[in-house]
Amino acid sequence: MEPRFEITVIGTGMAGLSAALFAARQGLATAVVGSSAEIIFASGFLDLLGVHPIEQKRIRNNPWKGLAALIRDNPKHPYAKMSPKDIAESLETIIAFLQQAGLSYCRRPNRNAMVVTPVGTLKPTYAVPQSMWNGVLAWEEKTPCLIVGLEGLKGFSARMITENLRSTWPGLRPVQVSFPESDTGAELYAERIARRLDSSPIRKAFAATVRRRLGAARAVGMPAVLGLYRSAEVFADLEAHIGVPIFEIPTMPPSIPGLRIKDAFLRELPKLGVRVFAEKKVLAAQHLPERGFVLDIGAEAAETVVHSRSVILASGRFLGRGLRAERTRVIETVFDLPVYQASDRASWHREKLLDPKGHPIHRAGVEIDDGFRPLTDGRRPAYDRLFAAGSILAHQDWIREKCGSGLAVASARAAVNACLGLETGGEKSPPQ
């Protein structure tokens, strides 16, 4: 018998996984389908809003005040369709969920933290993995730090990080060390290092190597590879052996913090009754009036046919393959929905690569009504029970605005609540 669900979520990025959680906690029969395409790029930070206006590169210390300014200046932004209270509650729910799943976060409710990026810049974010919080404190106090690079690990340079931060954080010192039991000159991969650090003898040997290079440093920054499935245990053990506070710094993709988040969701969602179609995609979608949607799901060919009363489209933009750029236009890949975009390809990008206004292509996406339903060219809902959430939404530039996770989580909750409103004929209590 073909499976039937009340909600099927398309996409396993932050928006899709959050939507599945919110729906399941309301007792809805829920499925989620997608691949790892986007979340392996996630830094682990939970951004709310860090920069506005982006053309002025104005960093917002208080994300809530920044949010009010953004909504005033850009009333088409998806954030403008939600109240600050709803946005805050959605983030609280996800942070509590991750905490219960073993991924603790630190934050100051009305103040962004400044965190170190893989290229040695600083960015504002709302909530920081506990494994990175000591770096926030070290930056604020200008603590003398040792920044550790690993021989063979590409995309992370301790020297580049220290050079780029030296003028504002003079107490940094880079060092390059060999990872225990690795071949000299061999390339190291982040996921393999994280898995090997699950071994206590490997951790002890690695900690001894770092400790010998400690010198006058009172904290140590390392690439974010300190464990995958047992990261809290790995972090605590390494810190105890090294003897000073340690902190992770995100690496270039694939991102171990992103994989930790995905693992937490994929471990916990089935316990709530969610059917997970991992590493699959929707190959075809059909809408049947009064009955909902029929979705063909598989890797290359249809393996399962799913019937779903409602669908939440959280397939992302280009990385998630929710949008695809063709020669003359950008298309939405599942339902062929209209996509808000520049009038011609020549207008997708500005002349300068680093134009402070950003590029129009980064605001392309699906336009929605106040109920988070994608619109047709005639400004009517494409389908009554099709909703959209996350980066596929138009009129936002989440990369430059530093609002990716906040937008993903808040819009996922809004889409689920809009769907519930149709079911109940009114407002539904928020998911907890």
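Since every read-out is calculated from the coordinates, none of them should be taken as a lab result. Because the structure is a prediction, the values reported are computed rather than measured. Counting neighbours? That spans all protein chains shown, and the Cβs are built from the backbone with ideal geometry, glycine included.
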Worksheet item: Which net charge results for the neighbourhood of Ala19, defined as the other residues with beta-carbon distances under 13 angstrom from its beta-carbon, given Lys and Arg at +1 and Asp and Glu at -1?
Response: +1
Worksheet item: Can you list the HN-Hα couplings for region 97-104, worked out from phi with the Karplus curve (6.51, -1.76, 1.60; θ = phi - 60°), rounded to whole Hz and with x for Gly and Pro?
Response: 4, 5, 4, 5, 8, x, 10, 7
Practice prompt. Order these peptides, 143-151, 166-174, by their mean beta-carbon neighbour count within 10 angstrom, highest first.
Written response: 143-151, 166-174
Discussion item. Sequence gap at least 6, Cα distance under 8 Å: using those rules, report the relative contact order of region 118-249 to the nearest whole percent.
Written reply: 31 percent
Worksheet entry | FRET efficiency, 1/(1 + (r/R0)^6) with R0 60 Å, evaluated for Ser200 and Thr304 via beta carbons | 0.90
Item to complete: Would you pull out the residues with amide H under 5 Å of Ala382's amide H, same chain only if 5 or more places away, H placed 1.01 Å from N?
Response: Leu375, Thr376
Fill in: Part-to-part distance (alpha-carbon centres) for region 283-333 and region 362-381, which is given in Å
16 Å
Worksheet entry | Sparse-neighbourhood loop sites, trypsin sites (Lys or Arg not before Pro) in region 247-344 - DSSP loop, at most 12 other Cβ within 10 angstrom | Arg291, Arg327
Worksheet item: So for the chain: antiparallel DSSP bridges make up what percent, rounded to the nearest 5?
Response: 50 percent
Worksheet item: Taking the DSSP beta bridges in region 118-249 as the whole, what percent of them are antiparallel, to the nearest 5?
Response: 0 percent
Response to the item:
The rounded separation in angstrom of the Cα centers of region 66-141 and region 222-246 is 23 Å
Worksheet item: Can you give the net charge of the other residues whose Cβ lies under 11 Å from the Cβ of Val32, counting K and R as +1 and D and E as -1?
Response: +2
